[in-house]
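The values are calculated or read from the model by the stated rules, or taken from the named source; none is laboratory data. None of these values were measured; they are calculated from a predicted model. A quick note on method: Cβ atoms are made from the backbone with ideal geometry, for glycine too, and the neighbour counts reach across all protein chains shown. Keep in mind that these areas ignore ligands, DNA and RNA; they rest on the heavy atoms of the full protein, side chains included. Shrake-Rupley method; radii C 1.70, N 1.55, O 1.52, S 1.80 Å.
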Amino acid sequence: MSDSILNARIPEGRLEDKWQNFLDSCKLVNPNNKRKHTIIVVGTGLAGASSAASLAELGYNVKAFCIQDSARRAHSIAAQGGINAAKNYHDDGDTVWRLFYDTIKGGDYRAREANVYRLAQISNNIIDQSVAQGVPFAREYGGLLANRSFGGAQVSRTFYARGQTGQQLLLGAYQALSKMVDAGKVEMLPRQEMLDLVVIEGKARGIITRNLVTGEYERHVADAVLLCTGGYGNVFYLSTNAKNSNVTAAWRCYKRGAYFANPCYTQIHPTCIPVSGDYQSKLTLMSESLRNDGRVWVPKNADDKRPPNQIPESDRDYYLERRYPSFGNLVPRDVASRNAKHVVDDGRGVGARGVAVYLDFADSINRLGVDAISARYGNLFDMYERITGENPYEKPMRIYPAVHYTMGGLWVDYHLMSTIPGLFVLGEANFSDHGANRLGASALMQGLSDGYFVISHTLGDYIANNSFPDVSDSNEAFAEVESESSQRIEKLLSIQGERTVLEFHRDLGKIMWDNVGMSRNREGLGSAISEIQKLRDEFWQNLKVPGQATTYNKNLEFAGRVADFLELGELMAKDALHREESCGGHFREEYQTEEGEALRNDEEFTYVAAWEYSDLNGESTLHKENLEFERVAPSQRSYK
Amino acid sequence: MKLSLKIWRQEGPDKEGRLVRYQVEANPHMSFLEMIDVLNEQLIKAGEDPVEFDHDCREGICGSCNMVINGVPHGPLRGTAACQLHMRHYKDGDTIVIEPWLARGFPIIKDLVVDRSAFDRIIAAGGYVSVDTGSAPDANAIPIEKVKSDTAFDYATCIGCGACVAACPNASASLFTASKIAHLALLPQGDAERKTRVVRMVDQMEKEGFGDCSNHGACEVVCPKEIPIDAIAFMRREYMKAVLS
């Protein structure tokens, strides 16, 4: 292991002044020179669409890529709850400082202070920009914007668009992108998958893609590459992520020299519809806002198999209210999820499979009436009924935690640049702002902050400070990387074994969920590593991929992604094993308080773990970025 | 439950397609797409090519999934995309016919997968507000009547799936195009480009080979977001106002 300190290039000055100091001192690119530079943007979610549009507006030539058939379908579209901003429109005491403080505390003091502060500062600009684009946020009768309190925040700072905030923000960014396609400044390439990064003379200079309709490989040259490819929650097979969400682009960059930071930080969202059978292909989130009026419980007695309505109050255990009298059902996501696991492990889970807890609205319906509950949550109740066939107005919902977001990702400095010069990483794909646990309504904020307001300045500084010798796509490096990519695809097709991609993915998911999920321990992590290695070996010998490489072939696409998940899973387990403390979403059973809460070890682990790829069988090298808290004092999170 | 499926199989854009019969064992709790997953696993194991279909979020918001189920885009449930349809709405022994969107504007790529890039080109023909990053005024600078904003929202919920086109006897993209026009025209932010927007978007829709609207109303019946057909009347008024003034 190496303890080399990574340089995060945090600007000088007080926390409040750092971003301004950067803006005052960064280099600018002459407007006439911007059009001489081509920038590649991979992914068209909030971070990708917003950065592609903004850079094109500034005059750069942008090539944008997505794996879906349209840029509008990126997974940001599915975000429900809202987006935070420190507008303080309600004069309820919100400030940039408070948004910053809540975010860094919520992240259990494992995020970089300067990045989080910048995020809070920029939050307000995002709302202005989105509204100007026509994003129809909820409004009050006076015509001004409405807010709600979300995720246990003590102020109302969450802007929302019904339960479709992600959709509306993404459509705003997609339309901004479309505007620049219309202007001829963005070339949009849908149904293209980035297979690898091309590094020339130490700088990211292009990518190899595969056309998912024809199977053709393409070489794309640029002066910088922006990775906006989202998170890697699908390593667990079942997650709330869309089926196409994957780690491949980020993983390829890792193998070309970009460090992967904090891979074990995974967010498990407490309120999802539980698994109903082996055929289950993905999980559906029910907005966290339900916990405002729903009470979580399980039977006191493990043998109690009566229908919920026949279980009297005296035989119910409202375990969150019991254990956390002051926060009750509104404890943060990581705490709520872990407690659900405990009662299920205790044999007190409900539903046919016994892997769920009740979220009961009966008290709220009695108190407020069906109409009030329907006005608040009608669309969610309908969605629940559509999926489960049960009516939550009459019978408590069954919920269980599910993988939802990954806080880890490629390491970036304050400029959002990875350890490969010219490779920038934005949004969920990077590791930077959420520490070990992300608060509700902050993912949309980060994606758009990175994309609209940060990258245009930091990329400009990079372009202005570097020279870019002419590179053509016939360059040897492109030929070499393309050939490696095509050989890999051919290999996947040629194995022709007995088991399908889906079977391998499901097996990997089970190993990850059982050992690298909500609760982790030394023994389980060790066995996960060896099981994953075994599964990976079997994958490369016994995989069966149908069809050809020259037509649309979804199984082949998925095979490549699962191959990468099989490597990532091991690194996640390794990272979780090395972090001998509990923090946020990372709970190590050996490190807990007497009351069973996460126990951090600030003395030894106040750092970002950034892993450098060596080769798979050898040890990846650990690099540490020490986290320095100039302005906040890390404390024990308590929700009792 | 045992189901008979008749699924449209087509190897490529220029190949001839046909309906092929399959048997599958389904569970009532499965989603419709999970039922096809099961069939595909079965096909792969038997050495056959799986049925290709577009899908992504599987929670009714990304707009990827597109299949005509027993003649109805997205199947029998109102306001529900195919990915949110569950097998409990079928019974043992049922036969289900599954076809792709069939429209001139949506060429078939393979099996149930079609090319919907025409929709992106319609949006790129002015389906936006020209406001560069950084130039926006404070978000509360312009109050917007709540009712108006809510109505704009109803149109803005379009997921761009294309069911409206698939259901229309004229294969018209009017509901899709009109939804964006109505969303932006109802808001003050969209007002400055209102006239050029409607003319350009409608022209682009025609250029893409979609038919015109003759008020059948099938589009609003199948729309998974239940966008009302009055959007199209709105679009027509906007168009007339734009070209006559």
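Have a look at A:ASN515, A:ASN555 and point out the one that is touching a residue at least 40 places away in the same chain (Cβ under 8 Å), farther than 22 Å from A:THR406 by Cα and either not assigned by TED's automatic domain parsing to the domain that holds A:GLY231 or not basic (Lys, Arg) (or both). First the steps, then the outcome.
Numbers: A:ASN515 fails: farther than 22 Å from A:THR406 by Cα.
Unique residue meeting the criteria: A:ASN555.
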Set A:TYR279, A:TYR254, A:TYR232: member being surrounded by fewer than 24 Cβ atoms within 10 Å (Cβ to Cβ) and either of a type in the set (Phe, Trp, Tyr) or under 14 Å from A:MET407 (Cα atoms) (or both): A:TYR279
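Identify all residues within segment A:397-428 that are under 22 Å from A:ILE463 (Cα atoms) and among the aliphatic types (A, V, I, L, M); write none if there are none. Steps first, answer last, please.
Taking segment A:397-428 first, the residues under 22 Å from A:ILE463 (Cα atoms) are A:410-427.
Correct list: A:LEU410, A:VAL412, A:LEU416, A:MET417, A:ILE420, A:LEU423, A:VAL425, A:LEU426.
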Matching residues, segment A:315-351, being in contact (Cβ under 8 Å) with a residue 12 or more places away in the chain and among the small types (Gly, Ala, Ser): A:SER326, A:ALA336, A:SER337, A:ALA340, A:GLY347, A:GLY349, A:GLY351
Exclusive hit being in contact with a Leu (Cβ under 6 Å, 6 or more places away or on another chain) and outside any helix (DSSP H, G or I), set A:ALA86, A:ALA64, A:ALA120, A:ALA111: A:ALA86
Residue match in segment A:100-115 (condition: surrounded by fewer than 24 Cβ atoms within 10 Å (Cβ to Cβ), polar (S, T, N, Q) and touching a strand residue (DSSP E or B) at 6+ places or on another chain (Cβ under 9 Å)): no
Scan of segment A:130-171 for residues that are closer than 23 Å to A:SER70 by Cα, in contact (Cβ under 8 Å) with a residue 40 or more places away in the chain and of a type outside the set (Gly, Ala, Ser), ordered by number: A:GLN133, A:GLN164, A:THR165, A:GLN167, A:LEU169, A:LEU170, A:LEU171
Segment A:388-410 residues that are without any contact (Cβ under 8 Å) to a residue 24 or more places away in the chain, paired with ones that are of a type in the set (D, E, K, R) and open to solvent by 40 Å² or more (accessible area, probe 1.4 Å) (beta carbon under 8 Å, 6 or more apart): A:GLY389/B:ARG88; A:GLU390/A:ARG398; A:ASN391/A:GLU385
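Looking at A:ALA52, is it open to solvent by 10 Å² or more (accessible area, probe 1.4 Å), within 14 Å of another protein chain (Cβ to nearest Cβ), in contact with a strand residue (DSSP E or B) (Cβ under 9 Å, 6 or more places away or on another chain) and of a type in the set (A, V, I, L, M)?
Values: open to solvent by 10 Å² or more (accessible area, probe 1.4 Å): no; within 14 Å of another protein chain (Cβ to nearest Cβ): yes; in contact with a strand residue (DSSP E or B) (Cβ under 9 Å, 6 or more places away or on another chain): yes; of a type in the set (A, V, I, L, M): yes.
In short, no.
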Per-region count, segment B:44-72, residues more than 7 Å from chain A (Cβ to nearest Cβ) and touching a residue at least 12 places away in the same chain (Cβ under 8 Å): 11
Of all residues in segment A:385-408 being touching a Leu at 6+ places or on another chain (Cβ under 9 Å) and either outside any strand (DSSP E or B) or over 26 Å from A:PHE236 (Cα atoms) (or both), the one that is nearest to the other protein chains (Cβ to nearest Cβ): A:ARG386
Lone unmet requirement of (1) part of a loop (DSSP other than H, G, I, E, B); (2) over 24 Å from the mean Cα position of the chain (by Cα) for A:VAL131: (1)
Residue match in segment A:227-243 (condition: in a strand (DSSP E or B) and modelled with pLDDT of 95 or more): yes
Selection from segment B:104-118 of residues that are more than 9 Å from every other protein chain (Cβ to nearest Cβ), among the aliphatic types (A, V, I, L, M), in contact with a strand residue (DSSP E or B) (Cβ under 9 Å, 6 or more places away or on another chain) and open to solvent by less than 10 Å² (accessible area, probe 1.4 Å): B:LEU112
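Has segment A:90-107 got any residue that is touching a helix residue (DSSP H, G or I) at 6+ places or on another chain (Cβ under 6 Å), within 14 Å of chain B (Cβ to nearest Cβ) and either of a type in the set (Ser, Thr, Tyr) or closer than 23 Å to A:PHE137 by Cα (or both)?
Taking segment A:90-107 and keeping what is touching a helix residue (DSSP H, G or I) at 6+ places or on another chain (Cβ under 6 Å), we get A:96, A:99-100, A:103-104.
Checking which are within 14 Å of chain B (Cβ to nearest Cβ) leaves us with none.
No.
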Helices (runs of 4 or more DSSP H) fully within segment B:84-203 counting 1 or more residues that are closer than 16 Å to A:VAL135 by Cβ: B:117-124, B:146-156, B:174-185
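For segment B:138-149: of the residues being within 7 Å of another protein chain (Cβ to nearest Cβ) and hydrophobic (A, V, I, L, M, F, W, C), which is farthest from A:ILE122 (Cα to Cα)?
First, pick out the residues of segment B:138-149 that are within 7 Å of another protein chain (Cβ to nearest Cβ): B:138-140, B:143-146, B:149.
Okay, now just the ones that are also hydrophobic (A, V, I, L, M, F, W, C), so B:139, B:144.
Numbers: B:ALA139: 14, B:ILE144: 24 Å.
Ranking the candidates gives B:ILE144 first.
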Selection within segment A:273-323 - within 24 Å of A:TYR160 (Cα to Cα), within 14 Å of another protein chain (Cβ to nearest Cβ) and small (Gly, Ala, Ser): A:SER287
Some residue of segment A:570-593 being within 14 Å of chain B (Cβ to nearest Cβ) and in a helix (DSSP H, G or I): no
The one condition in (1) open to solvent by less than 20 Å² (accessible area, probe 1.4 Å); (2) under 22 Å from B:ILE142 (Cβ atoms) that B:VAL222 fails to fulfil: (2)
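Pick from A:GLY584, A:GLY569: which is open to solvent by less than 10 Å² (accessible area, probe 1.4 Å), modelled with pLDDT under 95 and not assigned by TED's automatic domain parsing to the domain that holds A:GLY215? Steps first, answer last, please.
Values: A:GLY569 fails: modelled with pLDDT under 95.
Unique residue meeting the criteria: A:GLY584.
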One residue from A:VAL562, A:VAL545, A:VAL516 being of a type in the set (Val, Ile, Thr), open to solvent by less than 40 Å² (accessible area, probe 1.4 Å) and under 30 Å from A:VAL343 (Cβ atoms): A:VAL516
Residues that are at the interface with chain A (Cβ under 7 Å from one of its Cβ atoms), surrounded by 14 or more Cβ atoms within 10 Å (Cβ to Cβ) and over 30 Å from B:ALA166 (Cβ atoms), drawn from segment B:119-137: B:SER130, B:VAL131, B:ASP132, B:THR133, B:ALA136
Residue in segment A:294-309 that is in contact (Cβ under 8 Å) with a residue 12 or more places away in the chain, in a loop (DSSP other than H, G, I, E, B), closer than 23 Å to A:LEU238 by Cα and open to solvent by 10 Å² or more (accessible area, probe 1.4 Å) present: no
Selection from segment B:11-31 of residues that are away from every other protein chain (no Cβ under 11 Å), within 20 Å of B:ARG116 (Cβ to Cβ) and either hydrophobic (A, V, I, L, M, F, W, C) or in contact with a strand residue (DSSP E or B) (Cβ under 9 Å, 6 or more places away or on another chain) (or both): B:GLY17
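Only one of A:HIS505, A:HIS457 is open to solvent by 10 Å² or more (accessible area, probe 1.4 Å), in a helix (DSSP H, G or I), under 30 Å from A:GLN121 (Cβ atoms) and not aliphatic (A, V, I, L, M); which?
Numbers: A:HIS505 fails: under 30 Å from A:GLN121 (Cβ atoms).
Checking each option against the conditions leaves just A:HIS457.
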